[in-house]
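The values are calculated or read from the model by the stated rules, or taken from the named source; none is laboratory data. Bear in mind that the values here come from a model prediction, so they are computed numbers and not experimental data. Cβ sites come from the backbone with ideal geometry, for glycine too, and all protein chains shown count toward neighbours.
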Amino acid sequence: MKTLSDFNLKNKTVLLRTDLNSDVVNNKLLPSERIKKSVKTILELKKKKAKVVILAHQGRPKESDFISLKQHAKLLNKYVKVKFVKNIIGKKAEKEIKNLKSGEILLLENIRFLKDEFNPGKNKIIKKLIPLLDFYVNDAFSICHRKQTSITSFPKYLPHCAGRLLEQEVKALKKIKIKNCLYILGGAKPEDNIKLLKGNKVLACGLFGQLCTIAKGKNFGAQNRYLKNKLYLIKKLKKKLKNVLTPVDFAVKVNKKRKELLLKEFPSKYEIFDIGKKTIKEYIAEIKKAKAIYMKGPAGFCADKKFCKGTKAILNAITKHKRFSLIGGGHLNDAIKTNKNKFNHISLSGGALLRYIAGEKLPGLEVLK
């Protein structure tokens with residue numbers, strides 16, 4: 001796989017696919033490590049005098065965090081001058097791309113606003129943008145498991161290479177051997193975690209932990225409504241829970257405050273936001289016995305400090321007992337930033353990293369070879 005070191009990109013119009021996807025609370029974008037670290041490749045392209053066009057996404061259609069990238073542009077501008085264009089394949093974007101000068105940077109609108117992003121091939125996105133571009137750089141390892149236009153289609157029509165973040169991820173993962181390690185699986189995408197239920201001991205938390213608890217026969221009450229779009233996973237989970245430990249207590253929000261409830265106190269009318277102190281104690285005991293640990297996603301809703309207690313306690317335990325650690329997931333990375341812990345490798349990826357560990361080939365990497 002080629003990298004930025006293999007090409008002279010001076011005066012070339014470069015399409016950079018990066019990952020700026022971050023937490024959004026009440027339509028407000030929160031600062032994130034993904035945005036901060038994406039700057040490394042952007043600055044190098046600027047230094048190389050390339051004309052940089054950035055494609056990125058935020059959230060998923062119909063989800064509450066599915067917003068414009070205008071706020072992302074403001075955060076990027078703290079590190080490097082970026083012009084935001086509220087357009088992707090229209091005349092406005094075309095004009096701005098054609099007028100780019102060497103070293104200048106454009107950020108186009110959320111690529112997932114276009115349905116063709118989810119239908120890779122020679123679609124409108126490709127037909128409109130390819131004539132304006134000279135080169136493609138993928139710096140979004142975290143989306144390389146997706147067969148989407150901005151990941152798998154552009155490399156078929158343009159000279160291409162990996163950006164520095166993607167290059168760094170792949171190099172690190174090649175060195176990592178985590179066979180028979182302890183998996184701590186949380187985050188907001190529980191469907192991904194099922195791929196790793198193959199025999200290793202698992203500490204379940206986040207939405208995944210809640211679903212596993214339901215699969216064991218527990219009714220949460222109000223929380224079931226928040227999980228309704230994920231309940232289809234219950235049937236799959238029931239057959240795979242032999243080595244999965246689930247929470248024995250949870251933290252709920254009552255009048256904007258944290259309150260902990262034992263599992264036996266459910267069903268409850270309150271929404272769950274974190275694991276409780278008894279679960280934290282049990283999970284730390286398992287961490288002490290482990291030789292290696294892979295943690296994917298936070299244990300709770302870390303955008304609110306009150307509900308990051310479980311995540312921070314687990315992270316502290318991993319570093320305190322000096323276990324070999326691979327940490328993955330953009331949201332978990334934000335918790336690490338506030339925790340200031342040290343790990344063997346910290347990945348900005350969630351689903352892509354998990355699939356890589358599970359032995360799957362990632363379409364976004366395959367097309368770069």
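Observations on the structure shown:
- When we screen A50, A56 for residues that are touching a Lys or Arg at 6+ places or on another chain (Cβ under 6 Å) and small (G, A, S), the only hit is A50.
- Candidate set from the range 1-44 (those that are in a helix (DSSP H, G or I) and acidic (D, E)); member that is farthest from A140 (Cα to Cα): D6
- Of the numbered criteria (1) at pLDDT 90 or above; (2) within 29 Å of I357 (Cβ to Cβ), the one F220 fails is (2).
- Filter pass, L158 being part of a loop (DSSP other than H, G, I, E, B), in contact with an Asp or Glu (Cβ under 9 Å, 6 or more places away or on another chain) and modelled with pLDDT of 95 or more: yes
- Any hit, the range 77-85, residues being within 26 Å of R146 (Cα to Cα) and more than 21 Å from the chain's Cα centre (by Cα): yes
- Residue match in the range 189-206 (condition: more than 26 Å from K281 (Cβ to Cβ) and acidic (D, E)): yes
- Cβ pairs under 9 Å, 6+ apart, first in the range 338-362 and under 11 Å from L326 (Cα atoms) and of a type in the set (K, R), second at pLDDT 85 or above and surrounded by fewer than 23 Cβ atoms within 10 Å (Cβ to Cβ): K342/T319
- Those residues of the range 59-69 which are of a type outside the set (A, V, I, L, M, F, W, C) and surrounded by 15 or more Cβ atoms within 10 Å (Cβ to Cβ), in sequence order: G59, D65, S68
- Taking the listed residues K74, K36, K48, K78, the one that is under 24 Å from A188 (Cα atoms) and not aliphatic (A, V, I, L, M) is K36, with no other qualifying.
- Within the range 171-192, being modelled with pLDDT under 90 and either surrounded by 22 or more Cβ atoms within 10 Å (Cβ to Cβ) or part of a helix (DSSP H, G or I) (or both) holds for K171, A172, L173, K174, K175, G187, P190, E191, D192.
- Checking L348, L353 one by one, the residue that is outside any loop (DSSP other than H, G, I, E, B), crowded, with 18+ Cβ neighbours inside 10 Å, among the hydrophobic types (A, V, I, L, M, F, W, C) and not assigned by TED's automatic domain parsing to the domain that holds V202 is L353 and no other.
- When the range 1-58 is filtered for residues that are of a type in the set (G, A, S) and buried (at least 18 other Cβ atoms within 10 Å of the Cβ), the ones remaining, listed by number, are S22, S32, S38, A50, A56.
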